[in-house]
Amino acid sequence: MADFTAALQNSFSTLSVRERRLVTAGGLAAVGFIVFMVLFTFGQKADSLRRTIEKKTGTLESVLTLAAGYRDQRSAQEQVERQLAASNVKLISFLEEKAKAAGVELPSISPKPDVTIDGTKIVESGVEITLTDVKLDRLVEFVTALEAGPGIVKVKYLRLEPRPANENLTAWISIATYRLKG
């Protein structure tokens with residue numbers, strides 16, 4: 001290496017002043033170009049890494065959002081499962097109790113057979129009732145009391161026919177309660 005350096009110095013000393021300036025300028029330009037390329041390449045690599053990090057951070061944030069949503073949904077599902085497990089509503093006696101409290105007469109109750117909801121362990125027990133000549137406020141009180149009761153009781157269908165002559169209604173109601181099979 002020392003021989004090579006000595007040969008370069010010897011060759012450089014034999015050049016004229018003008019040639020020395022040109023060789024120096026060319027060397028500085030070459031060094032500047034090399035430094036520029038190295039810095040440009042590192043900059044491109046750094047930008048690429050930043051973009052990759054931002055993309056992965058975005059993906060991680062979406063995973064965290066989904067995980068939080070999953071936890072919330074799972075918690076809600078567990079709460080409903082606890083309600084279903086605790087639900088042991090005897091629907092006909094429950095209806096009679098709520099009707100009596102609301103001042104509604106139940107002239108006909110037609111039980112429906114228990115049905116397992118497809119793909120689940122949930123059993124639906126239902127009845128259909130017909131209420132004739134009932135006041136609207138008593139009907140609202142009755143339906144509200146049904147869905148606010150213990151367990152899971154839902155009004156699935158409600159059809160009303162007004163009787164304007166005496167300000168009453170005829171109502172056909174389909175009511176269901178749900179429990180876990182077993």
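For the reader, a short list of remarks on this structure follows.
- Relative contact order, whole percent, for the chain stands at 19, derived from Cα pairs under 8 Å and 6 or more residues apart.
- Applying a DSSP loop filter and a limit of 15 other Cβ atoms within 10 Å to the GluC sites (Glu not before Pro) in the range 89-146 leaves E105.
- Built from the Cα atoms of the range 106-182, the convex hull projects on average onto 5.6 nm², one quarter of its surface area.
- Coarse-grained scattering of the range 50-107 at q = 0.13, 0.14, 0.17, 0.22 Å⁻¹, given as base-10 log I(q)/I(0) from a Debye sum over alpha-carbon atoms: -0.61, -0.64, -0.74, -0.86
- Each principal axis of the Cα atoms in the range 1-86 has its own extent, and those three values, largest first, are 103, 25, 7 angstrom.
- Across the alpha-carbon set of the chain, the Rg to Rh ratio works out to 1.74, Rh being the Kirkwood radius.
- Gaussian network model of the chain, Cα within-10 Å springs - most flexible of R18, R159, R74: R18
- Charge dipole of the chain about the Cα centre (unit charges at C-beta), most positive-ward option of T41, L169, L91: T41
- The Cα atoms of the range 134-177 cover 38, 16, 7 Å along the three principal axes, with the biggest extent listed first.
Bear in mind these aren't lab numbers, they're just calculated from the coordinates by the rules spelled out. Model, not experiment: these values are computed from the prediction. Neighbour counts run over all protein chains shown; Cβ positions are idealised from the backbone, glycine included.
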